[in-house]
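Reading through the structure tokens given below for one structure.
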Amino acid sequence: MVYTANSSAVVCEDMQSEFPSVNQINHSVLLTGLLVALFCVVRFLYRKTRRNWTSVNIFIIGGGPIGLVAALLAVKSKRLRKLTVIESESRRDLVKREYQVCFDIENIAFLQTVGVEFDSIEGCRDKHGFYTRVGIFLDYCLTILENSEKKIRLLFETKFDKEIRKSLEKESCRTLVIVCDGKKGQSARFLGLDEFTEEVSCQTFGAMAGVERPHLREVPTQEIRAHNLNFDLSAYGPYSQDQNGTTGFSLKIFGNSKCRYMCLAIRKCDSPTLKALRTILDRSMMRNIFLKCFNTYKLKSEPGLSESFVLNHMKYSPRLFEVRYTQKCETVAYFDDCDMFVVVEGEAALSCNFHTGMDINQGIRGLHSLDQFITRVTWAESEQSISSALAYKMQHSTKLFSSLSRDGIQEFLFS
Ligand SMILES: Cc1cc2nc3c(=O)[nH]c(=O)nc-3n(C[C@H](O)[C@H](O)[C@H](O)COP(=O)(O)OP(=O)(O)OC[C@H]3O[C@@H](n4cnc5c(N)ncnc54)[C@H](O)[C@@H]3O)c2cc1C
């Protein structure tokens, strides 16, 4: 067979009729691109509108400082549909709480973002933070919540129990339960979260003392710190001369002028004084140490303590104990059957066997991720996005716990 120029032209013509021209290809690519872009825009707008409209019911258990700060955060969130706070005590008892709390500089800035105006709260400031009575702070938060235009129910003298849990399960839309019922709270257990806890040593030994002077007023008072203290225990037998200058104790005096607390701490070391204070059970030894410390370092304006007053009114640790943090192993969960997220915050999640006068700050640090968590909880649709919301909160708690157990106490006590 002879192929001529003409025959090849015929072949070309045939091919043209079988395959689309370059113009046709360009046209269909353009059309497909337009359709894809249109689909993406519609999907984006649908998601955006849906996200703007979706909201969540928030239910807070516990009206202590952490519960009420969580409530302020919830009120600020655009995702809130309805907020309920339940507290087992009455409002009157809540605002009467006496002990002092100190907000550190980082948390002052954080609380200002949720509308707390420290200039409107009775208290005092120094370079470490802002000091006030816990009842004053709770009253301030409750007043903000009571005056809010959002849908809020504050239920006092209402204890969370299995019956309330059942009613929560019947809610028709997604619910986020924030458990803030304190160190001894049982609500997380009622909600089905694991009871196991994890304990971490802070490589520190400490002792606490507290004294109440009923004749004084509860005036918020700055804390006092003293470092590198060494004690002469020769009157009690043990040789007390520590050779190494780094083995001194740190002392903090905190609380208001009526309820005074002292914490004495030392890093784990081989100091002979530490060994004596760890092993010898002689109540008078510890009592004298706290008495002398208080009278030496107290504010000049406040009255000193007498031996007889201390004998009858001071509560104190009889010897040094190991400082430990305890954290609940499971602090966040999702229950598919009732579309309910649960998160545990504050001392209900993380607590220490040693007060530093800055305890409230650890709980508030846990809340730094709450706003973002509320958004993720509201938007989560697929199994993957639900897991990612849970992982986000879990990672934040784990990070907080490990940094606290690594250097948290040291930062509060020794710096
Ligand atoms: C005597 C004392 C002195 C302190 N001094 C200081 C200090 O000087 N500085 C400082 O920073 N911190 C101090 N703290 C610690 C500080 O108070 C805590 O860190 C802080 O209160 C923890 O807050 P929270 O909201 O997690 O728990 P909590 O304050 O314990 O609040 C939990 C709330 O939940 C409620 N509740 C419990 N169970 C239920 C239930 N089933 N249903 C409904 N409600 C429930 C309780 O009534 C309570 O109001 C002190 C604590 C005490 C006890």
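The values are calculated or read from the model by the stated rules, or taken from the named source; none is laboratory data. Since we're looking at a predicted model, the values are computed, not measured. All Cβ positions, glycine included, derive from the backbone under ideal geometry; neighbour counts span all protein chains shown. The accessibility values were calculated without ligands, DNA or RNA, using every heavy atom of the protein model including side chains. Shrake-Rupley method; radii C 1.70, N 1.55, O 1.52, S 1.80 Å.
Hey, which of the strands (runs of 3 or more DSSP E) in the range 316-360, taking only ones fully inside, have at least 2 residues that are out of contact with any Lys or Arg (no Cβ under 8 Å at 6 or more places or on another chain) and within 14 Å of the ligand (Cβ to nearest atom)?
Values: elements: 321-328, 332-335, 340-344, 350-352.
Here the list reads 321-328.
Out of the residues in the range 79-101 meeting the condition of being at pLDDT 95 or above, near the ligand (Cβ under 8 Å from one of its atoms) and outside any helix (DSSP H, G or I), tell me which one is surrounded by the most Cβ atoms within 10 Å (Cβ to Cβ).
Applying the filter and picking the extreme gives GLU87.
Is it the case, given these coordinates, that TYR392 is more than 16 Å from the ligand (Cβ to nearest atom) and assigned to a helix (DSSP H, G or I)?
For TYR392, the condition - more than 16 Å from the ligand (Cβ to nearest atom) and assigned to a helix (DSSP H, G or I) - is met.
How many of the residues in the range 239-266 are open to solvent by 50 Å² or more (accessible area, probe 1.4 Å), more than 16 Å from the ligand (Cβ to nearest atom) and at pLDDT 90 or above?
Counting residues in the range 239-266 that are open to solvent by 50 Å² or more (accessible area, probe 1.4 Å), more than 16 Å from the ligand (Cβ to nearest atom) and at pLDDT 90 or above gives 0.
So if I check each of GLN395, GLN372, which one is within 21 Å of VAL56 (Cα to Cα) and surrounded by fewer than 16 Cβ atoms within 10 Å (Cβ to Cβ)?
GLN372
Taking the stated definitions as given, is ARG174 open to solvent by 100 Å² or more (accessible area, probe 1.4 Å), of a type outside the set (Asp, Glu) and within 12 Å of ASN57 (Cα to Cα)?
No.
Exactly one of these conditions fails for MET286: (1) over 30 Å from ALA71 (Cα atoms); (2) hydrophobic (A, V, I, L, M, F, W, C); (3) within 16 Å of the ligand (Cβ to nearest atom). Give me its number.
(3)
With respect to the numbered conditions (1) in contact (Cβ under 8 Å) with a residue 40 or more places away in the chain; (2) more than 30 Å from CYS263 (Cα to Cα); (3) open to solvent by 40 Å² or more (accessible area, probe 1.4 Å), which one is the sole condition not fulfilled by CYS329?
In the conditions (1) in contact (Cβ under 8 Å) with a residue 40 or more places away in the chain; (2) more than 30 Å from CYS263 (Cα to Cα); (3) open to solvent by 40 Å² or more (accessible area, probe 1.4 Å), CYS329 misses (2) alone.
Out of LEU277, LEU291, LEU305, LEU251, which single residue is over 21 Å from CYS124 (Cβ atoms), among the hydrophobic types (A, V, I, L, M, F, W, C) and not in a helix (DSSP H, G or I)?
From the options LEU277, LEU291, LEU305, LEU251, the qualifying one is LEU305.
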